[in-house]
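The values are calculated or read from the model by the stated rules, or taken from the named source; none is laboratory data. Please read all numbers here as calculations on a predicted model, not as lab measurements. Please note: Cβ atoms are built from the backbone with ideal geometry, for glycine as well, and neighbour counts cover all protein chains shown.
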Amino acid sequence: MENKSAWEKYKAKDLKELDRVSEGYKEFLDSCKTERECVKKTIEMAEAAGYKDLDKVLAKRAPKEGDKLYTVCMGKTLALFRIGSEDLENGMNILGAHIDSPRLDVKQNPLYESDGFAYLDTHYYGGIKKYQWITQPMAIHGTVAKKDGSTVDVCVGEDPADPVFCFTDLLIHLSAERQQKKASEVITGEGLDLLIGNMPLAKTKLAKGEKEAVKANILAFLKDKYGMEEADLLSAELEIVPAGKARDCGFDRSMVLAYGQDDRVCAYTSVLAMLEENAKIGKTACCLIVDKEEIGSVGATGMTSFFFENTVAKLMTALGKDSFAATRRCLANSSMLSSDVSAGYDPLYAEAYDKRNAAFISCGVAFNKFTGARGKSGSNDANAEYVEKVRRIMDDEDVSFQF
Ligand code: MN
């Protein structure tokens, strides 16, 4: 099979380089479990590579060849630019990937006590198989915007000294009836409430008439640790994700087992490609890592917002090309690799794949000419000529790839 020879070629070529990228990737996964954390970490990496805040640079002067710039949308979406020698109207070469991952979001009125247990009510985000989330150690990551105008970042469950949380399951001996249910029904979205406590607040500390001592104890902890009130949860973004670090998988350490690889595998590699490439370029290079892909690229920080267009318009204005048309010309002349994970062939679920058109793990980057369902519904079908250009670049540089 052609795929196998590609892997042989790659193995022979540079295992050290593969290790370097993989170790950095696992670190990225460990410190970036939310879109905000990804943006924060990427800014650190970008600044270390000489990238500057786009707005600060443009406040002083026009962008010029060789400039390395970054700009952020609400802490959740980020664009990197490396300005080339060509007119920006000639377009850019763009890499894009998403940094949001499926998870459980905490609802706005989440905290309740039931029969001596304290819970957080959740709303799932993105496509999840609900049954995968129960009986696993969970962490809470996020940001609370308090009424005094300050914000506080929360991350509990990642440090080995931290507690973790969990979604409970019913013991096997009481499950005869539940075991008959379909996988999509046995654990429901509304059923996923996170267990966060069981200890009542001391009677001496309990407000008069307070009946929910376990909930009161949790609130006392939140007040003490984060200076927050229950009402501050109204303006909080707390994401529940699997706790723990990325691990090598297999005796041969050939794979990575971790939460959030969709699509941080493309985000990390795109960012790395952007930051490490320093050759002289004609067309401006751009890398976008974006939020909200998992729920349809909607909202102020998703790709259907005007953040990217507005940023390009900002660059055009700074270049003295203050027109709608210049921005549209730049976008129309641009090329993009819109990255995301592809399904990797799994022999244990062979029936789900078209083997001759499936991607194989460790056989190189997978390109999807088109996506979509049924009659390519919802697809973005890349032009044959564009696909040929991409193929040629990969072949010329002797890089393994597959379709
Ligand atoms: Mn994805």
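How many of the residues in segment 350-386 are over 26 Å from the mean Cα position of the chain (by Cα) and not in a loop (DSSP other than H, G, I, E, B)?
We begin by selecting, within segment 350-386, every residue over 26 Å from the mean Cα position of the chain (by Cα); these are 350-351, 354-357, 374-375, 383-386.
Adding the requirement that they be not in a loop (DSSP other than H, G, I, E, B) leaves 350-351, 355-357, 384-386.
Of the residues in segment 350-386, 8 are over 26 Å from the mean Cα position of the chain (by Cα) and not in a loop (DSSP other than H, G, I, E, B).
I need a count of the residues in segment 185-206 that are surrounded by fewer than 17 Cβ atoms within 10 Å (Cβ to Cβ), without any contact (Cβ under 8 Å) to a residue 24 or more places away in the chain and either of a type in the set (A, V, I, L, M) or not in a loop (DSSP other than H, G, I, E, B) (or both).
4
List the pairs whose first member sits in segment 245-263 and is farther than 19 Å from D162 by Cα, whose second member is of a type in the set (S, T, N, Q) and within 16 Å of the ligand (Cβ to nearest atom), and whose Cβ atoms are under 8 Å apart, counting only residues at least 6 apart or on separate chains?
If the second residue must be of a type in the set (S, T, N, Q) and within 16 Å of the ligand (Cβ to nearest atom), the pairs left are G260/S101; D262/S101; D263/S101; D263/S339.
If D100 passes every condition in (1) within 21 Å of H141 (Cβ to Cβ); (2) away from the ligand (no atom under 16 Å from the Cβ); (3) surrounded by 14 or more Cβ atoms within 10 Å (Cβ to Cβ) but one, which one does it miss?
That leaves (2) as the condition not met.
Of all residues in segment 337-349, how many are exposed (fewer than 15 other Cβ atoms within 10 Å of the Cβ) and either within 19 Å of the chain's Cα centre (by Cα) or within 16 Å of the ligand (Cβ to nearest atom) (or both)?
Adding up the residues that qualify gives 2.
If I ask for residues that are of a type in the set (D, E, K, R) and touching a strand residue (DSSP E or B) at 6+ places or on another chain (Cβ under 8 Å), which ones from segment 270-286 would you list?
If the condition is that a residue be of a type in the set (D, E, K, R) and touching a strand residue (DSSP E or B) at 6+ places or on another chain (Cβ under 8 Å), then E277, K283 are the ones that fit.
Being aliphatic (A, V, I, L, M), surrounded by fewer than 14 Cβ atoms within 10 Å (Cβ to Cβ) and at pLDDT 95 or above narrows it down to one residue among A231, A246; which is it? First the steps, then the outcome.
Values: A246 fails: surrounded by fewer than 14 Cβ atoms within 10 Å (Cβ to Cβ).
A231 is the lone residue from the list that is aliphatic (A, V, I, L, M), surrounded by fewer than 14 Cβ atoms within 10 Å (Cβ to Cβ) and at pLDDT 95 or above.
The rows are residues; the columns are (1) away from the ligand (no atom under 16 Å from the Cβ); (2) in a helix (DSSP H, G or I).
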{"residue": "D252", "(1), (2)": "yes, no"}
{"residue": "D262", "(1), (2)": "no, yes"}
{"residue": "A273", "(1), (2)": "yes, yes"}
{"residue": "K280", "(1), (2)": "yes, no"}
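Restricted to segment 350-364, and to residues that are crowded, with 17+ Cβ neighbours inside 10 Å and aliphatic (A, V, I, L, M), which residue is nearest to the ligand (Cβ to nearest atom)?
Filtering segment 350-364 down to residues crowded, with 17+ Cβ neighbours inside 10 Å leaves 358-360, 363-364.
Still in the running and aliphatic (A, V, I, L, M): 358-359.
Details: A358: 17, A359: 14 Å.
Among residues in segment 350-364 that are crowded, with 17+ Cβ neighbours inside 10 Å and aliphatic (A, V, I, L, M), the one nearest to the ligand (Cβ to nearest atom) is A359.
Does segment 309-329 include one or more residues that are surrounded by 11 or more Cβ atoms within 10 Å (Cβ to Cβ), hydroxyl-bearing (S, T, Y), within 16 Å of the ligand (Cβ to nearest atom) and in contact (Cβ under 8 Å) with a residue 40 or more places away in the chain?
Taking every residue of segment 309-329 in turn, none turns out to be surrounded by 11 or more Cβ atoms within 10 Å (Cβ to Cβ), hydroxyl-bearing (S, T, Y), within 16 Å of the ligand (Cβ to nearest atom) and in contact (Cβ under 8 Å) with a residue 40 or more places away in the chain.
Yes/no matrix, rows are residues, columns are (1) part of a loop (DSSP other than H, G, I, E, B); (2) touching a strand residue (DSSP E or B) at 6+ places or on another chain (Cβ under 9 Å); (3) free of Cβ contacts under 8 Å to residues at least 12 places away in the same chain:
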| site | (1), (2), (3) |
| --- | --- |
| I128 | yes, yes, no |
| Q136 | yes, yes, no |
| I140 | no, yes, no |
| V144 | no, yes, no |
| G149 | yes, no, yes |
| P160 | yes, no, yes |
| T168 | yes, yes, no |
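What pairs come up if the first residue lies in segment 208-229 and is assigned by TED's automatic domain parsing to the domain that holds Q108, the second is in a helix (DSSP H, G or I) and of a type outside the set (S, T, N, Q), and their beta carbons are under 6 Å apart, counting only those six or more places apart or on different chains?
E210/A216; L219/E230; M228/L222
Would a scan of segment 80-89 turn up a residue that is over 24 Å from G244 (Cβ atoms), in contact with a Pro (Cβ under 7 Å, 6 or more places away or on another chain) and outside any helix (DSSP H, G or I)? Show your work before the answer.
To start, the set of residues in segment 80-89 that are over 24 Å from G244 (Cβ atoms) comprises 80-89.
Within this subset, residues satisfying the condition of being in contact with a Pro (Cβ under 7 Å, 6 or more places away or on another chain) are 83.
Then drop every residue that is not outside any helix (DSSP H, G or I), which leaves 83.
Within segment 80-89 (the criterion being over 24 Å from G244 (Cβ atoms), in contact with a Pro (Cβ under 7 Å, 6 or more places away or on another chain) and outside any helix (DSSP H, G or I)), the answer is yes, since at least one residue qualifies.
Based on what the data block shows, is A325 within 27 Å of the chain's Cα centre (by Cα) and either over 19 Å from E37 (Cβ atoms) or of a type outside the set (D, E, K, R) (or both)?
no
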